[in-house]
Each structure stands twice: as structure tokens, then as C-alpha cells.
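Here, each number is a calculation from the coordinates, and none is a lab measurement. All values derive from a computational prediction rather than experimental measurement. Neighbour counts run over all protein chains shown; Cβ positions are idealised from the backbone, glycine included.
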Amino acid sequence: MTRRWVWCAVLLLAAAVYPLLAPRFWVEGVATESMILAIIGLSLTFLASYGGMVSLCQLTVAGTAGYGFAILTARAGLAAGDPWLWAVALAALLIGALAALLIGALAVRTTGVYLLMLTMAVAVGFAAFARQNYEYMRGFDGYAGIVQPPLPGGASGPTAFYYLTLVLLMACYAGLTWVSRSRFGFALQAIRDDARRAESLGYRTDAHRIAAFGLAGAVAAVGGLLDVWYQGRIAPASVDIGPTINILILCVLGGLYSLRGALVGALVFKLLTVFATDLVGAQYINLLAGSAFLLITMFSTDGITGAVRHMTTRSSPLGRAPPEESRAASSTS
Amino acid sequence: MNEFLISVLNGLTVASLYFIAASGFALVFGFLRVVNMAHGAMFLLGGYIGYSAAHATGSWVLGVLAAFAGVALLAALLQLLILRRAREDIFREALMTIGIATIMADLMLSGWGGHTYQLEAPAWLDGSVQLPFIGRYSMLRLAAIALALGLGLAMWWALSTTRLGSLIRAGVDDQEMLGALGFNVRRMQTLVFACGAGIVAASGVIGATVLSISPGEDARYLLTSLIVVIVGGMGTIAGTALGALLVGLAEQLGLTYSPTYASTYTFVLLVMALAFRPQGLISRGTR
């Protein structure tokens with residue numbers, strides 16, 4: 001246990017001094033971007049590992065928060081530097097969590113692979129809606145020139161944004177880890193393992209699952225907000241099927257059934273896409289990512305973290321079972 | 001009134017397309033329990049192959065056959081080499097098809113580019129006919145409706161009366177038993193997967209003729225097929241037909257009367273179906 005804390009401290013120290021040493025592209029284009037992906041990915045690995053629910057809606061939830069921020073900022077006519085932008089950010093966070101609760105209420109009517117189908121439909125449908133709707137979503141073009149809320153002490157620039165992202169990523173990771181060890185987290189795992197038994201013990205299974213969706217949604221919304229602040233724009237292409245599947249791909253690369261799989265996966269995915277542009281050309285990035293994803297699903301579902309754990313401990317990961325259809329069948333029949 | 005009738009006819013046209021495409025999806029799902037997320041990509045590939053073959057040979061029918069054969073062959077290979085590795089873990093199979101779809105989308109983009117393709121219909125389907133109350137309506141679109149009706153009836157007939165049909169129904173209900181009776185279930189799985197993919201590919205050619213195809217249509221047809229089978233019910237022809245009808249009508253009526261919210265109407269359908277009948281409107285009872 002102490003060794004783990006030492007590792008954590010070393011990693012944190014490295015992350016803290018990193019922007020002082022690395023060139024700007026490596027701070028912004030690699031580290032910050034992969035941390036934003038990691039936050040959205042965390043919400044998926046949380047749902048997958050503790051809830052047994054693989055949702056393809058996490059980018060959609062991030063997108064509702066991003067769109068929410070863009071729409072509210074535009075309607076209120078707020079300019080850069082206005083501290084009210086933080087209130088808007090909070091409102092957008094709530095919009096994202098609310099959207100996640102609604103999606104969750106719909107999704108828990110199904111399990112396993114049906115849940116995957118349903119959330120895929122919701123994700124693609126949201127992108128279609130964003131493309132068609134001009135009243136709020138501004139259609140194909142979406143929103144550009146989205147401003148960031150002012151950081152404390154008037155800090156700005158890529159390094160300040162890197163630290164903001166790092167702090168929020170750590171907060172999300174620590175928060176989800178804490179939740180997974182709380183009463184709620186254990187109840188969620190009990191429901192994942194045997195919904196019927198948990199129900200007969202008096203747990204309200206649907207309510208727990210919906211709450212897990214909402215919680216993961218809040219985390220995804222944090223990622224969505226950081227993304228629009230970083231990019232400065234949001235459009236239907238940001239929430240379309242390609243980026244939606246990229247979130248799944250990076251989580252499977254890192255390990256879908258452990259929280260930190262999202263961290264490892266996001267970094268590996270980002271490095272892969274950055275280097276692939278030089279290696280095979282920008283137009284074949286999806287080909288490469290898709291092939292890596294396919295290879296991993298052919299051999300295991302634990303991804304990189306699973307392989308590492310397997311090599312170092314040789315013990316079976318406790319309580320990290322993938323959702324099985326038998327379980328799904330027993331809970332629906 | 002006229003506008004309403006035309007939207008209903010348009011709704012029936014897209015419903016026919018959705019039905020043909022979704023029936024391939026439903027067939028594969030019913031027999032193999034594989035949720036084929038590469039469904040949209042296979043639709044698009046079928047359309048592209050059909051377009052290229054029809055242009056090379058000058059025959060629309062040959063285009064449909066080439067698309068069917070090409071994609072069926074590809075699907076058989078994918079099933080044998082990749083999907084079987086999941087050992088019937090249907091969740092992993094679904095993930096695998098997502099990977100396959102990603103790869104296919106990239107390859108198709110580099111093969112056929114980002115253009116929009118529209119295939120010319122055979123000459124005997126060109127032109128329009130005079131209909132009461134509506135005026136002139138495209139012959140081609142009526143033909144698509146007739147084709148979907150014909151295909152639906154043919155599939156219903158084949159599944160309920162022929163030997164192969166009863167084998168498939170037996171496989172949907174209990175594959176272990178079917179295997180114990182001495183039938184080669186694994187070979188049947190490959191065959192059904194290939195046939196399902198072939199039907200999807202053929203519907204891609206029809207889609208390229210009646211409407212048009214371009215990158216992005218794969219996501220659209222995947223979405224509608226998912227909604228069609230969730231709303232209508234998995235693994236029944238009647239359910240697929242009803243789901244396609246509802247989704248097609250909701251989409252086209254929505255496009256006519258409130259274009260910027262058209263896509264929400266299909267979602268209202270989806271939400272209502274899940275809220276009141278999560279097993280689908282017409283289901284086989286047990287699942």
C-alpha cells in the first residue's frame with residue numbers, strides 16, 4: 001500500500017513539473033488533450049467496471065454540457081473574463097448531469113449488449129439532432145469563439161489550462177475512486193453481479209443504476225466543458241459517431257474494466273494518433289485505432305492495464321467481471 | 001391534405017428501405033445473437049460496390065448481385081476469422097463489429113472518397129405515375145415499397161414453410177438442441193451471417209438508387225436499424241416491419257411539419273416503446 005502512495009506521489013510530481021520542461025505542443029496537443037479524453041473516458045470505465053454498463057453516451061453527455069455552456073454564454077452575451085462564466089459553467093454541468101440521468105432512466109430498461117445498442121442510438125441521434133436544429137444548436141456549424149471563464153489570479157495560457165485540467169482530472173479520479181468504495185459503490189457492484197439478488201435484499205436496482213449514470217454524467221460534463229474551453233468551438237462533428245467510438249476505443253485500449261484504464265488508454269490513444277499522422281498519414285488514423293481496438297477485443301477485454309496486472313501479479317482481478325449475458329438475461333426475465 | 005399524403009408516401013418509401021436494411025440486421029441478431037454494429041458500414045459498402053459494378057457492367061441487377069455476393073463473402077470471412085474468437089460472448093462480438101465498422105469506414109473513405117453517389121435506376125423503373133389525390137409520384141419509389149412488401153412476404157413464407165426456414169427458427173429458439181440433432185450449427189451461423197450481410201448490402205444498392213449514399217449514411221442506417229429493432233421487437237419479421245413503418249412515417253412527417261426537430265420524433269417513439277414495451281411492440285414472448 002505504501003508503495004502505491006509513493007508511485008502516486010512520483011506521478012503527481014512528474015505531472016506538475018511536466019509543463020515547465022516540455023515544449024508547448026507536448027503540453028497542449030498531447031498532455032492536455034489526452035487528459036480531457038481521460039476525464040470523459042473515466043466516466044465510461046466507472047460505469048463499465050462498477051455498474052457493468054458499457055454506455056456509448058458519455059461523449060454525448062459531455063457534448064450536452066459543452067453545448068449548454070455555448071448556448072447559455074451566447075444568450076447571456078457574456079464576454080471573456082466575466083466571472084459569471086463560472087455560474088454558466090455550473091449550470092452546464094447540471095445540464096450534463098441531468099441529460100445523463102435522463103439517458104440513464106432510459107438505458108436501465110435494458111442490460112448488456114442491448115444497453116450498448118440503445119446508447120449508440122441515443123449518441124447518433126443526438127448528433128443528428130444537433131445537425132438539424134438551428135434554433136438552439138445552430139445546425140452544421142455549431143458554436144465558435146467560446147470563451148473560458150477567468151482563472152484565479154488572472155492566469156491564462158496553455159500552462160495554466162494544463163494545470164486546471166490536471167486538477168479536475170485528479171478530482172474526478174479521486175472522487176470516483178471514493179464513490180466506488182462507499183456504500184453506494186458496493187451496492188452498485190452487488191447489482192452488477194446479481195441484480196435479482198440485490199433487489200431481493202431490498203436495494204432499488206434501477207435507482208442505483210440511474211444514479212451511477214448521473215454521477216458518471218457529471219464527470220463526463222467536466223470533460224465536455226474543458227473540451228469546449230480548449231477548442232473554443234463545438235459542432236455536430238464533435239459529438240458524431242467517430243469521436244463517440246473513439247472514447248470506447250481508448251477505454252478498451254487502456255482497460256474497460258478498471259478506472260485507470262481510461263487514464264492509460266487516453267494517453268496511448270493520443271500518442272497513437274499524434275505519431276500515426278507522421279507514420280501512416282492523417283487519413284488512416286481511424287484504421288490504425290480501429291485495428292488496435294479489434295486486436296484487443298480478439299484477445300482480451302482488459303486492455304493494457306489488464307495485461308500489466310496479469311504480468312505483475314498473476315492473480316485474477318477481484319470483482320472486475322465483464323458484463324455477461326447470463327446476468328443480463330436473469331435480470332430481465 | 002396533398003402535402004400530408006405525399007409525406008405519408010415518402011414515409012412509406014424510407015420505411016421500405018429501413019425494413020429491407022433492418023431485416024438483415026434482425027436476421028443476424030435472431031440467429032447468432034450478434035448485434036452487428038458494422039451494419040451501417042456494410043450498407044454503405046454494398047451501395048459502393050453496387051454503384052461501381054453497375055457502372056462497369058451497365059446493369060443495375062448485376063450491381064445488386066455483386067453487392068450481395070461481395071459483402072456476403074466479406075462477412076463470412078469476418079465471422080470465421082474474427083467473430084468466432086469471441087466464443088459466443090455476445091458483448092465482445094458487438095465490440096468487435098464496432099472495430100470492424102471503424103476500419104471499414106476509413107477504407108471506404110480512401111477507396112470511394114467523400115462524394116455523394118446516386119445510382120441510376122433501370123429504365124423500366126424511370127418516370128412517374130399519376131395517383132389519385134396526390135398527382136405524379138416517382139415510379140421508382142413505388143417500386144421500392146412493392147419490393148419491401150414482396151421481400152417481407154417472401155421471408156415470412158420462407159421462414160414459416162420451408163425446411164431451411166424451420167431450421168432457422170429452430171436455431172433462434174435453441175441452438176444446442178439443433179446441434180444435438182446433428183445439424184452443423186456453426187456452418188449455419190456463418191451462412192446466416194453472410195446472408196444477413198448480403199441483404200444489408202443489397203439494401204445499400206437500393207438506397208443508393210432511391211435516395212443517395214455518401215460517408216455518414218452508414219451512421220444513419222445503423223441508427224435507424226437499431227431504433228427499428230428496438231421499437232418493433234427483436235427477431236420477428238412483423239416487428240421489424242412495424243418498427244420500420246413507424247420510424248419512416250415519424251421521420252418524414254417530422255421533416256414536413258417541423259424540419260429542425262425531425263430527428264426528435266423517432267426518439268419519442270424509442271422512449272415510448274422502451275417505457276411501455278421494453279421487449280418491443282411485437283416480440284416472441286421469451287428472449
Report, in degrees rounded to the nearest 10, the 0 to 90 angle that the Cα long axis of helix B:39-57 makes with the longest principal axis of chain B. 70 degrees
Scoring only Lys, Arg, Asp and Glu (+1, +1, -1, -1) among other residues with Cβ under 15 Å from the Cβ of B:VAL205 yields -3
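Place the peptides A:49-61, B:61-73 in order of packing, highest mean first, counting for every residue the other Cβ atoms within 10 Å and averaging per peptide. Don't skip to the end; give the middle numbers.
Details: A:49-61: 28.9, B:61-73: 20.9.
Going by the mean number of other Cβ atoms within 10 Å, highest first, we get A:49-61, B:61-73.
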Relative frequency of Cα-Cα separations exceeding 34 Å in chain B, percent: 18 percent
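Within region B:1-100, report the trypsin sites (Lys or Arg not before Pro) that DSSP leaves as loop and that have at most 10 other Cβ atoms within 10 Å. Working shown, then result.
Numbers: sites: B:ARG33, B:ARG84, B:ARG85, B:ARG87, B:ARG92; in loops: B:ARG33, B:ARG87.
Answer by residue number: B:ARG87.
Test of understanding: express the Cα radius of gyration of chain A as a ratio to 2.2 N^0.38 Å, with N the residue count.
Relative to the rule-of-thumb radius for its length, chain A sits at 0.98.
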Within region A:125-195, list the trypsin sites (Lys or Arg not before Pro) lying in a DSSP loop whose Cβ has at most 16 other Cβ atoms in a 10 Å radius. A:ARG181
Express the Stokes-Einstein translational diffusion coefficient of the protein assembly as shown in µm² s⁻¹, to the nearest whole number, given a Kirkwood radius over alpha-carbon pairs, 25 °C and a viscosity of 0.890 mPa s. 97 µm²/s
Gap in Å between the Cα centre of region A:102-164 and the Cα centre of region A:7-70? 14 Å
Collect residues whose amide H, placed 1.01 Å from N in the peptide plane, falls under 5 Å from the amide H of B:SER128; neighbours closer than 5 in sequence don't count. B:MET139
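Which peptide among A:13-21, B:163-171 comes first, and what is the full order, when sorted by highest mean count of other Cβ atoms within 10 Å?
On the way: A:13-21: 12.3, B:163-171: 15.4.
Result, highest mean first: B:163-171, A:13-21.
As an exercise, use a Förster radius of 30 Å and the Cβ-Cβ distance of B:GLN130 and B:SER166 to find the FRET efficiency, rounded to the nearest 0.05.
Working: r = 44 Å, r/R0 = 1.47.
That gives a FRET efficiency of 0.10.
Can you bin region A:200-249 into rounded, prolate or oblate? Criterion: square roots of the alpha carbon gyration tensor eigenvalues sorted a ≥ b ≥ c, rounded for a/c under 1.5, prolate for a/b above b/c, oblate for the rest. If you can, show how the numbers build up before the last one.
Numbers: a/c = 4.04, a/b = 2.31, b/c = 1.75.
In terms of gyration-tensor shape, prolate.
Which of rounded, prolate, oblate describes region A:1-97, given a ≥ b ≥ c as roots of the alpha-carbon gyration tensor eigenvalues and a/c under 1.5 marking rounded, otherwise prolate only if a/b is larger than b/c? Walk me through the numbers on the way to the answer.
Working: a/c = 2.33, a/b = 1.31, b/c = 1.78.
Oblate is the answer for region A:1-97, as a/c is 1.5 or above yet b/c matches or exceeds a/b.
Nearest 20 debye, what's the magnitude of the dipole of chain A about its Cα centre given +1 on Lys and Arg Cβ and -1 on Asp and Glu Cβ?
Numbers: 21 positive and 15 negative charges, 163 e Å.
Rounded to the nearest 20 debye, it is 780 debye.
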Using Cα atoms only, what is the angle between the long axis of helix B:237-257 and the major principal axis of chain B, expressed in degrees (0 to 90) to the nearest 10? 30 degrees
